[in-house]
Structure formats: C-alpha cells, structure tokens
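This report refers to the structure that appears directly beneath it.
The values are calculated or read from the model by the stated rules, or taken from the named source; none is laboratory data. It should be emphasised that the depicted structure is a prediction, and the values quoted were computed from it without experimental measurement. Because the Cβ atoms are built from the backbone with ideal geometry, glycine has one as well, and the counts that use them run over all protein chains shown.
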Amino acid sequence: MSTKPLVSVVIATWNRVQDVLETIHSVYRQDYPCFEIIVADNASTDGTADKIRVSFPTVKLIRLSENRGASGGRNAGMQEADGEYILCLDSDASLEGGALHALVAAFETDPTIGVVNSKVVNAFTRNFDPIAGWAYSEEQKMKSDTPFYTHTFSETGCAFRRDALLKTDMFWERLFFGREGEELALRMLDAGYRILYCPSVVILHRASPQKRIASSERRYHDFRNALRIYLVRYPWWLLAWMLPLKIAAETVKGFRMQRMDWVFRAVWAVVCELPTLWKERKPIHNRTALDYLHFQREHGSLSWGLSSWLKYKT
C-alpha cells in the first residue's frame, strides 16, 4: 500500500464529452500512485455521464440534476473527495506528466500553503495561456518557470489543501462562473494561508476556437461577479475607491465598443441583490487587504490589471 498522500482530482463538466474523456485519460497517465478521480456532470445533455461510466468505471461520477455552474460543479465534486489534497481541473484541460508528483511536493514544502496554482499553457502552441493571463503581469509571465507566492489563482487547474478548505469553505456558488477563484483566494489569504504558483505543475489547456458563451454574456458575468466580490469581501476603505473605479472602467469600455448592455445588466442585477449581499457581507481584514494590494503592486499586476479594464476584444 502506498504511503503517499491521496490526491483527489475533481473535474466539473458540462456538455464536453470528448474533452472530459481526454482530461480523464491525462490523469490516468500520471505515474503518481495514489489518486482518485471525481467527475461532477452539470446536467449535460450530450451523453457525458453514460460515456464516462462505460469508459472509466472506476471514476466516481456525480450526476447533478441541474447546471450548478463551475463553482457548484466543483463544490459537488469536492464534497465527495477523500484526498488530503484536492485538484480542480477544467474539463478542457489535461495534466502533463509528473504533475501530481510536483503538486504534492509543493504542498509538503510549507504547511501554510493552502493553494497550489499551476502553469497553464496552450495545449497546441505550448505558450502561456491567456485564460490564466489575467492573474499575472507581463513580467510574471516571463518568469513563469520560477515559483513564487501570489494573491490569486487560475481555476483551470488549482489544488487545495483539504484542511484549508475546511477552514475557509469552498467556492462561492452565487458566482456560478467567473472570478470564483479570485473570491476564494481572498478567503484563503484572510485565513492565513499562502498561494504558491508552481510552474512544475503544468496544465495543458485545449482552447476551443468555438466559444460556448457569447462575449457579451461573459463580460456580464465577469463584471457582475466583480461587483459582488467588492461588496461582500472588500473592507469599506477599499470598496470606496475600487467600486466606482471598476464601474467607470466598464462604462468607458462599453462606450468604446458601442455596446452597453452588459454594463447596465450587471449593475442592475447587483442593485437588486443588495439586501442579500448586505446580509452575506463578511469583509477580509484590513491587513489582508493591504497585503493583497502589496502583492499586486509588487508583481506589477495592479497597474496591469487596471489598464486591462480599459481594453477589450470583440
């Protein structure tokens, strides 16, 4: 029997039957001796669950009756996980060889590490993937082969210490998808855990040229969730300048695109939620907020992130 700690690999999926099969294959190709695979199927209609059951009978399959989004799907899988470490992997991503060994080794260097963040690269070009680019400055991208402590993580491939999740709780399901990692990162930091970017844990993202969600809908979710996070997690002094700055930046972006629908929808949705968000408000400590800003300033991602608010792609 292996004495290695158990790693639970949690894959949330929705209507990506071929992608998720390749993702599962990549986990089984790992040479790490002690892992389990849990797939949470978000009410797919393309036969995902049946195909997994036939092709991989040892996978722990959770069939959800409704689409609970990225956050809810991951949470459903993590609730069934037995591992000391839990790796959440998107269903269009694969593990490169040695990833699980590197993951465990990273966690065991420091008991205060609550999250290990992976290096996400495009599976076809091997370049740093834009899906994780929002989390790091250009300088950090250039140094992507050097481990460092950071303030956030990419949801495409992120691993958690089980004890840390028990202390902080899992993803905030209200967010459904978009910025859910950012919000959980704030709680991890506030609980005293550290987030390590570990480039030896490589995730291959099979980016599809066909977008499953319209750009305007994605912008809506991203903006709405940003406002939710600010209102619930930011202390008043940080909320007072970040909230109007974000709204102004999105408004400018909308004017440039000559399309304001997602801006109005997001603001109105959050206004309607204000009583509920007020009840849920539990801001991070001032010290955590200052450290959070310091991380962003130190790595150049604060100015990079602010300027990126004013950029857009069609």
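Couple of notes before you dig in:
- Long-range neighbours under 6 Å by Cβ, at least six apart or interchain, first residue free of Cβ contacts under 8 Å to residues at least 60 places away in the same chain within the stretch 23-52, second part of a loop (DSSP other than H, G, I, E, B) and of a type in the set (Ser, Thr, Tyr): PRO33/SER2; CYS34/SER2
- Residues that are at pLDDT below 90, aliphatic (A, V, I, L, M) and exposed (fewer than 15 other Cβ atoms within 10 Å of the Cβ) do not occur anywhere in the stretch 237-247.
- Looking across VAL201, VAL252, VAL270, one residue alone is among the hydrophobic types (A, V, I, L, M, F, W, C) and either at positive phi or surrounded by fewer than 17 Cβ atoms within 10 Å (Cβ to Cβ) (or both). It is VAL252.
- When ARG74, ARG53 are checked against the criterion of being under 14 Å from the mean Cα position of the chain (by Cα) and either basic (Lys, Arg) or farther than 28 Å from ASP169 by Cα (or both), ARG74 stands alone in meeting it.
- Some residue of the stretch 213-233 being surrounded by fewer than 16 Cβ atoms within 10 Å (Cβ to Cβ), part of a loop (DSSP other than H, G, I, E, B) and in contact (Cβ under 8 Å) with a residue 12 or more places away in the chain: no
- Residue in the stretch 65-80 that is outside any helix (DSSP H, G or I), aliphatic (A, V, I, L, M) and touching a helix residue (DSSP H, G or I) at 6+ places or on another chain (Cβ under 8 Å) present: no
Quick grid of which residues meet (1) part of a loop (DSSP other than H, G, I, E, B); (2) over 14 Å from CYS88 (Cβ atoms); (3) in contact with a His (Cβ under 7 Å, 6 or more places away or on another chain); (4) modelled with pLDDT under 95:
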| site | (1), (2), (3), (4) |
| --- | --- |
| ALA12 | no, no, no, no |
| HIS25 | no, yes, no, no |
| PRO33 | yes, yes, no, no |
| GLU36 | no, no, no, no |
| ALA40 | no, no, no, no |
| VAL54 | no, yes, no, no |
| ILE62 | no, no, no, no |
